[in-house]
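Undergrad: Let me begin by handing over the structure; questions about it come next.
The values are calculated or read from the model by the stated rules, or taken from the named source; none is laboratory data. The model shown is predicted, which means the values in this text are computed figures rather than measured ones. With ideal geometry, Cβ positions are generated from the backbone for all residues, glycine too; neighbour counts draw on all protein chains shown.
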Amino acid sequence: PIGVVGIITPWNFPVAIPVWKLFPALICGNTAVIKPASDTPACLVRFVELLLEGGLPEGVVNVVTGSGGEVGNAIVDHPDVRVISFTGHTDTGVEISRRAAETLKRVSLELGGKNPIVIWEDADLGLALDSVVWSAFGTSGQRCTAASRLVVHRAIHDDFVQRLGQRVAKLVLGDGLDETTDVGPVINDAAIERISSYAAIGRNEGELVIGGEPAREGALAKGSFFEPTIFAEVKPDARIAQEEIFGPVTSVIPVDSWDEAVRVVNGVKYGLSSSLFTNDIGLAFRSIR
Ligand code: NAP
């Protein structure tokens, strides 16, 4: 036990992420003050109500809703909070880390990603395509581990891009609670603006294969939807290949050699998740190292 743990969480897994942080804190004998994201406070409030109904003593888990600037900063600055556990944007994590240093808190950060899937020339393309479609578009790209870079061997690049475009053209956008929907909405209209601005940047940095616009046909006009978007022939240092977009946008980066693939994979400021499709077990283990 250390004392009071301050927990600050993002909107994209509004129950799972608070739980991942809260239970280790409780099991180790701490109490917690949690601030959920302003876009999704109700999930956490209900979850903590259930904990209280289940017998958790009052005061052990405390939820405070409000903005990052007001409630988040108050938790980070408070001298009685001894640990900060934060998940969210890298920039926010840097800011929190800096502020928390003033009171010498212990800080644990889970931040953004620009996650690559490497697809080698000997890969099972069908399997790779299934994974890419789910990883890049399955939660509308709003996952810290979403595939936002596809590092593809040049020998299969054109075939891969063509088949990916055909698969993505068939994806159904709509209500995320409808089982026939493949791609749900993004979190809000501010996200649409951010994703649109990256799509505009991408038009100058790569070849637009499909998508690139907000989706507004029929019922989609009632929500915040963005077309699943693929850019091909993207250079590794392009902004769309370097910055976290957090929407249904992915970039295909062709490479000629394994050394180049490894350089591209590691050539971003993030380090979160990565995957490789190959049938060459030696190459797989070399890549892991
Ligand atoms: P965010 O804007 O950084 O917000 C995360 C939380 O921090 C929210 O509760 C937010 O409050 C609060 N906050 C904002 N500014 C703050 C400040 N100056 N001081 C204290 N708290 C502050 O991130 P998001 O948009 O909610 O989430 C998306 C990001 O989370 C992406 O970058 C994604 O990659 C990352 N993520 C990472 C993981 C992982 O495990 N690595 C998992 C999921 C998501 P408000 O809501 O009031 O602004």
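Undergrad: Could you look through the stretch 174-198, keep only residues that are in a helix (DSSP H, G or I) and in contact with a Ser or Thr (Cβ under 6 Å, 6 or more places away or on another chain), and pick out the one that is surrounded by the fewest Cβ atoms within 10 Å (Cβ to Cβ)?
TA: Ranking the qualifying residues of the stretch 174-198, first place goes to 189.
Undergrad: So in the stretch 8-28, with the set limited to residues that are within 12 Å of the ligand (Cβ to nearest atom) and not in a helix (DSSP H, G or I), which one is farthest from the chain's Cα centre (by Cα)?
TA: 8
Undergrad: For residues in the stretch 59-82 being within 17 Å of residue 98 (Cβ to Cβ) and aliphatic (A, V, I, L, M), which is farthest from the ligand (Cβ to nearest atom)?
TA: Ranking the qualifying residues of the stretch 59-82, first place goes to 81.
Undergrad: Return the pairs, sorted by first residue and then second, in which the second residue is part of a helix (DSSP H, G or I) and of a type in the set (Gly, Ala, Ser), the first residue lies in the stretch 29-45 and is touching a residue at least 24 places away in the same chain (Cβ under 8 Å) and more than 10 Å from the ligand (Cβ to nearest atom), the beta carbons are less than 9 Å apart, and the residues are 6+ apart or on different chains.
TA: So the pair list comes out as 31/25; 32/25.
Undergrad: Can you confirm whether the stretch 87-98 contains a residue that is basic (Lys, Arg), modelled with pLDDT of 95 or more, more than 9 Å from the ligand (Cβ to nearest atom) and touching a Lys or Arg at 6+ places or on another chain (Cβ under 9 Å)?
TA: no
Undergrad: Determine the pairs where a residue that is more than 16 Å from residue 243 (Cα to Cα), located within the stretch 181-201, has a partner that is within 14 Å of the ligand (Cβ to nearest atom) and of a type in the set (Phe, Trp, Tyr) with Cβ atoms under 8 Å apart, the partner being 6 or more residues away or on another chain.
TA: So the pair list comes out as 187/11.
Undergrad: Do the conditions hold for residue 251, that is, is it polar (S, T, N, Q), modelled with pLDDT of 95 or more and within 18 Å of residue 185 (Cβ to Cβ)?
TA: Criteria not met by residue 251.
Undergrad: Return a yes/no flag: does the stretch 204-221 have any residue that is over 21 Å from residue 169 (Cβ atoms), part of a loop (DSSP other than H, G, I, E, B) and at pLDDT 95 or above.
TA: no
Undergrad: Continuing with this model, one more query. Among the residues of the stretch 48-66, write down those that are out of contact with any strand residue (DSSP E or B) (no Cβ under 9 Å at 6 or more places or on another chain) and either surrounded by 13 or more Cβ atoms within 10 Å (Cβ to Cβ) or touching a residue at least 12 places away in the same chain (Cβ under 8 Å) (or both).
TA: Hit for the stretch 48-66 is 56, nothing else.
Undergrad: For the stretch 223-230, check the following and say yes or no: at least one residue is modelled with pLDDT of 95 or more, within 16 Å of the ligand (Cβ to nearest atom) and in contact with a Ser or Thr (Cβ under 8 Å, 6 or more places away or on another chain).
TA: yes
Undergrad: Could you go through the stretch 257-265 and let me know if any residue there is surrounded by fewer than 21 Cβ atoms within 10 Å (Cβ to Cβ) and within 25 Å of residue 212 (Cα to Cα).
TA: Among the residues of the stretch 257-265, at least one is surrounded by fewer than 21 Cβ atoms within 10 Å (Cβ to Cβ) and within 25 Å of residue 212 (Cα to Cα), which makes the answer yes.
Undergrad: Please determine, by comparing only the residues of the stretch 143-158 that are within 16 Å of the ligand (Cβ to nearest atom), surrounded by 21 or more Cβ atoms within 10 Å (Cβ to Cβ) and of a type outside the set (A, V, I, L, M), which one is farthest from the chain's Cα centre (by Cα).
TA: 149
Undergrad: Across the stretch 246-271, what is the total count of residues that are in contact with a strand residue (DSSP E or B) (Cβ under 6 Å, 6 or more places away or on another chain), of a type in the set (A, V, I, L, M, F, W, C) and farther than 21 Å from residue 156 by Cβ?
TA: Total satisfying the criteria: 1.
Undergrad: When the residues of the stretch 106-122 are narrowed to those that are more than 12 Å from the ligand (Cβ to nearest atom) and surrounded by fewer than 22 Cβ atoms within 10 Å (Cβ to Cβ), which ends up farthest from residue 276 (Cα to Cα)?
TA: 106
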